[in-house]
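J.: Supplied in structure tokens, the structure appears directly below.
The values are calculated or read from the model by the stated rules, or taken from the named source; none is laboratory data. Here the structure is a predicted model, which means the values were calculated and not measured. Glycine gets a Cβ as well: all are built from the backbone with ideal geometry, and neighbour counts include every protein chain shown.
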Amino acid sequence: MALSPTFTLRDLARMNPVAALPLLDVRVPEVYERLDDVSAHDFLHSIRFPEAAHHLAFEVFSRSFFADPRRLSAAEMVLMFHIYFLGSAEGLLFDVPDEPFPAALWEPLADYLRGHGVDVRTGARVETVEPAEDGGFVVATDTTERRHDTTVLALDTEGLGSLVARSPRLADAGWRERITRLRAAPPFLVSRLWLDRPVAADRPGFLGTSGYGTLDNVSVLERWEGESARWASRTGGSVVELHAYALPERAVRDVEQKRLVEQLHRVYPETRAATVVDERHEWRADCPLFPVGGYRDRPTVRTSDPALVVAGDLVRTDLPVALMERAATSGFLAANALLERWGVRGQTLWTVPDRGRSAALRGLARLG
Ligand SMILES: Cc1cc2nc3c(=O)[nH]c(=O)nc-3n(C[C@H](O)[C@H](O)[C@H](O)COP(=O)(O)OP(=O)(O)OC[C@H]3O[C@@H](n4cnc5c(N)ncnc54)[C@H](O)[C@@H]3O)c2cc1C
């Protein structure tokens, strides 16, 4: 705060410090008991957080959950605040693969797994998972049926909901009912543009934006990704990616795509003169929504069936993690839970501290 031009002393004096105390000692799951029934918007309003800092510090989180702050649980946003700002001395580190994901991560990982005898079948949609007569599960796609001792369900919200609806004997009725109540966040758009000329030399690899219509961030891919860097050095152009999260359900695609490019022209005016030599627009709506009061319905890693576990960003864990880190962490927790059956110790997990970092601030938070 001391270093940021966004926080003035006058702004700070206007804040409601008592309402802000929960930010100082974030613990899981207590933060959900305290703040899951409040929206991110109402929580910020109660703190009287400075308007400009609001955009800087909170709206960006809220939108990175693909949700409007009025619909997002305050607990989820406060947890993010802890992970990013107050939970660790190290702060936030951005890391990205230096080649496209398939080349940098997925293909080498699949090769590694195959080397251990794993049958990787990413193109197959699972239709049903049913408990087998002799224990374990029968996992069916539209062409095959296979029996497995254990199952990890690691699907997006829609995929999990429809799979469970088609698999009426999984776990127990209460669990299945809660799964069907989970909802996906609104649609989002990722536009990648190949420009015939470069953006200005001082443009960063990633820029988060707020107040530019639906535009949430701009990446200049040749700054950090090999494939784009090779294209840019061959052609003299730039590869730019624009993200717009939490778009209206009935958004008109062409219109939104055009608007997003117009916002790029405002943020980086030199792009106005550029010709778009190629473009890709990805529309999806497969991120989980963390609505006000939704925590209770989210599945935990373990289910009532010890051989059936759940992983993914939508899973509740008792660790301060979110987004991709929650997907990966819950994946390890799921694997660890299954390995217990064979008496094998699983993966040790590291997270940022699971409480406020400073004893003095924790003491202050207890006063609230
Ligand atoms: C544009 C964008 C930017 C992001 N940026 C960041 C970031 O900077 N940092 C960060 O931490 N997170 C980020 N995220 C969020 C991150 O991508 C997610 O948190 C993460 O991918 C969640 O992983 P998951 O395994 O839970 O679900 P997913 O990645 O959605 O995987 C679920 C998989 O299940 C498959 N599936 C569904 N139904 C079936 C079925 N019946 N049979 C077989 N397979 C099925 C789907 O095809 C999908 O591959 C971003 C997300 C987006 C969209």
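J.: For segment 265-279, indicate whether the set of residues that are surrounded by 19 or more Cβ atoms within 10 Å (Cβ to Cβ) and within 16 Å of the ligand (Cβ to nearest atom) is non-empty.
T.: no
J.: Just wondering, is there one or more residues in segment 59-78 that are within 30 Å of residue 295 (Cα to Cα), surrounded by 11 or more Cβ atoms within 10 Å (Cβ to Cβ), in contact with a Pro (Cβ under 7 Å, 6 or more places away or on another chain) and basic (Lys, Arg)?
T.: yes
J.: Follow-up. Can we say residue 250 is in a loop (DSSP other than H, G, I, E, B), at pLDDT below 95 and among the basic types (Lys, Arg)?
T.: Working: in a loop (DSSP other than H, G, I, E, B): yes; at pLDDT below 95: yes; among the basic types (Lys, Arg): yes.
Against the criterion (in a loop (DSSP other than H, G, I, E, B), at pLDDT below 95 and among the basic types (Lys, Arg)), residue 250 qualifies.
J.: Can you name every residue in segment 293-318 that is touching a residue at least 60 places away in the same chain (Cβ under 8 Å), away from the ligand (no atom under 14 Å from the Cβ) and either polar (S, T, N, Q) or surrounded by 15 or more Cβ atoms within 10 Å (Cβ to Cβ) (or both)?
T.: Hits for segment 293-318 are 294, 295, 297, 303, 304, 305, 307, 308.
J.: Give the residue that is nearest to residue 299 (Cα to Cα), with candidates limited to residues of segment 314-343 that are aliphatic (A, V, I, L, M) and under 13 Å from the mean Cα position of the chain (by Cα). First the steps, then the outcome.
T.: First pass over segment 314-343, keeping only residues aliphatic (A, V, I, L, M): 314-315, 319, 321-324, 327-328, 333-335, 337-339.
Restricting the remaining residues to those that are under 13 Å from the mean Cα position of the chain (by Cα) gives 314-315, 321-324, 327-328.
Numbers: 314: 8, 315: 5, 321: 15, 322: 15, 323: 15, 324: 17, 327: 13, 328: 16 Å.
If we take residues in segment 314-343 being aliphatic (A, V, I, L, M) and under 13 Å from the mean Cα position of the chain (by Cα), then 315 is nearest to residue 299 (Cα to Cα).
J.: Among the residues of segment 140-157, write down those that are farther than 12 Å from residue 311 by Cβ and near the ligand (Cβ under 9 Å from one of its atoms). Step through it out loud before you land on a result.
T.: We begin by selecting, within segment 140-157, every residue farther than 12 Å from residue 311 by Cβ; these are 140-150, 157.
Those that are farther than 12 Å from residue 311 by Cβ and near the ligand (Cβ under 9 Å from one of its atoms): 141, 157.
J.: Suppose we keep only residues that are more than 10 Å from the ligand (Cβ to nearest atom) and exposed (fewer than 15 other Cβ atoms within 10 Å of the Cβ) within segment 161-172. Which one would you say is farthest from residue 307 (Cα to Cα)?
T.: 165
J.: Among the residues of segment 171-204, write down those that are outside any loop (DSSP other than H, G, I, E, B) and β-branched (Val, Ile, Thr).
T.: Taking segment 171-204 and keeping what is outside any loop (DSSP other than H, G, I, E, B), we get 173-181, 184, 188-195.
Those that are outside any loop (DSSP other than H, G, I, E, B) and β-branched (Val, Ile, Thr): 179, 180, 190.
J.: Pairs, please: C-beta under 7 Å, at least 6 apart or cross-chain, first residue free of Cβ contacts under 8 Å to residues at least 12 places away in the same chain and in segment 99-128, second assigned to a helix (DSSP H, G or I)?
T.: Listed by first residue and then by second, the contacts come to 120/110; 120/113; 120/114.
J.: Which residues, taken from segment 326-358, are charged (D, E, K, R) and surrounded by fewer than 21 Cβ atoms within 10 Å (Cβ to Cβ)? Let's see the steps before the verdict.
T.: First, the residues of segment 326-358 that are charged (D, E, K, R): 326, 340-341, 345, 354-355, 357.
Correct list: 340, 341, 345, 354, 355, 357.
J.: Only one residue in 117, 123 is at positive phi and part of a loop (DSSP other than H, G, I, E, B). Which one?
T.: 117
J.: To continue, here is another question. Can you find, within segment 205-247, the residue that is surrounded by the fewest Cβ atoms within 10 Å (Cβ to Cβ) among those that are aliphatic (A, V, I, L, M) and assigned to a strand (DSSP E or B)?
T.: Residues of segment 205-247 that are aliphatic (A, V, I, L, M), as a first pass: 207, 215, 218, 220-221, 229, 232, 239-240, 242, 244, 246-247.
From what is left, the residues that are assigned to a strand (DSSP E or B) are 207, 218, 220, 239-240, 242, 244.
Details: 207: 13, 218: 24, 220: 23, 239: 23, 240: 26, 242: 24, 244: 24.
Here the residue is 207.
J.: OK, next. Do the conditions hold for residue 284, that is, is it more than 30 Å from residue 171 (Cβ to Cβ), among the basic types (Lys, Arg), within 16 Å of the ligand (Cβ to nearest atom) and in contact with a Pro (Cβ under 8 Å, 6 or more places away or on another chain)?
T.: Working: more than 30 Å from residue 171 (Cβ to Cβ): no; among the basic types (Lys, Arg): yes; within 16 Å of the ligand (Cβ to nearest atom): yes; in contact with a Pro (Cβ under 8 Å, 6 or more places away or on another chain): yes.
No, not satisfied.
J.: Something else now. Every residue in segment 129-139 that is assigned to a strand (DSSP E or B), touching an Asp or Glu at 6+ places or on another chain (Cβ under 7 Å) and either within 10 Å of the ligand (Cβ to nearest atom) or touching a residue at least 12 places away in the same chain (Cβ under 8 Å) (or both), please.
T.: Residues of segment 129-139 that are assigned to a strand (DSSP E or B), as a first pass: 129-131, 137-139.
Adding the requirement that they be touching an Asp or Glu at 6+ places or on another chain (Cβ under 7 Å) leaves 137-138.
If the condition is that a residue be assigned to a strand (DSSP E or B), touching an Asp or Glu at 6+ places or on another chain (Cβ under 7 Å) and either within 10 Å of the ligand (Cβ to nearest atom) or touching a residue at least 12 places away in the same chain (Cβ under 8 Å) (or both), then 137 is the only one that fits.
J.: On to the next question. Report yes if residue 175 is over 21 Å from residue 315 (Cβ atoms), more than 16 Å from the ligand (Cβ to nearest atom), over 22 Å from the mean Cα position of the chain (by Cα) and among the aromatic types (Phe, Trp, Tyr), otherwise no.
T.: No: the conditions fail for residue 175.
J.: Also, I was wondering about something else. Could you say which residue among 308, 314, 319 is in contact with a strand residue (DSSP E or B) (Cβ under 7 Å, 6 or more places away or on another chain) and closer than 19 Å to residue 35 by Cα? Walk me through how you get there before you give the answer.
T.: Numbers: 308 fails: closer than 19 Å to residue 35 by Cα; 319 fails: in contact with a strand residue (DSSP E or B) (Cβ under 7 Å, 6 or more places away or on another chain).
When all the criteria are applied, what remains is 314.
J.: A further question on this structure: Just give me the residues in segment 181-227 being of a type in the set (Gly, Ala, Ser) and farther than 20 Å from residue 286 by Cβ, in sequence order. Outline the logic, then answer.
T.: At the first step, the residues of segment 181-227 found to be of a type in the set (Gly, Ala, Ser) are 184-185, 191, 200-201, 205, 208, 210-211, 213, 219, 226.
Passing the criteria: 200, 201, 205, 208, 210, 211, 213, 219, 226.
J.: Next question, about the same structure. Here is a list: 323, 361. Which entry is within 18 Å of residue 31 (Cα to Cα), away from the ligand (no atom under 13 Å from the Cβ) and surrounded by 12 or more Cβ atoms within 10 Å (Cβ to Cβ)? Walk me through how you get there before you give the answer.
T.: On the way: 323 fails: away from the ligand (no atom under 13 Å from the Cβ).
Only one candidate qualifies: 361.
J.: Could you tell me how many of the residues in segment 245-266 are touching a residue at least 12 places away in the same chain (Cβ under 8 Å) and over 25 Å from the mean Cα position of the chain (by Cα)? Spell out the reasoning first.
T.: The first filter runs over segment 245-266 and keeps only residues touching a residue at least 12 places away in the same chain (Cβ under 8 Å), leaving 245-249, 251, 253, 256-257, 259-264, 266.
Next, from what is left, pick out any that are over 25 Å from the mean Cα position of the chain (by Cα): 262, 266.
The total comes to 2.
J.: Can you tell me which residues in segment 156-170 are touching a residue at least 24 places away in the same chain (Cβ under 8 Å), more than 14 Å from residue 298 (Cβ to Cβ) and not in a helix (DSSP H, G or I)?
T.: 167, 169, 170
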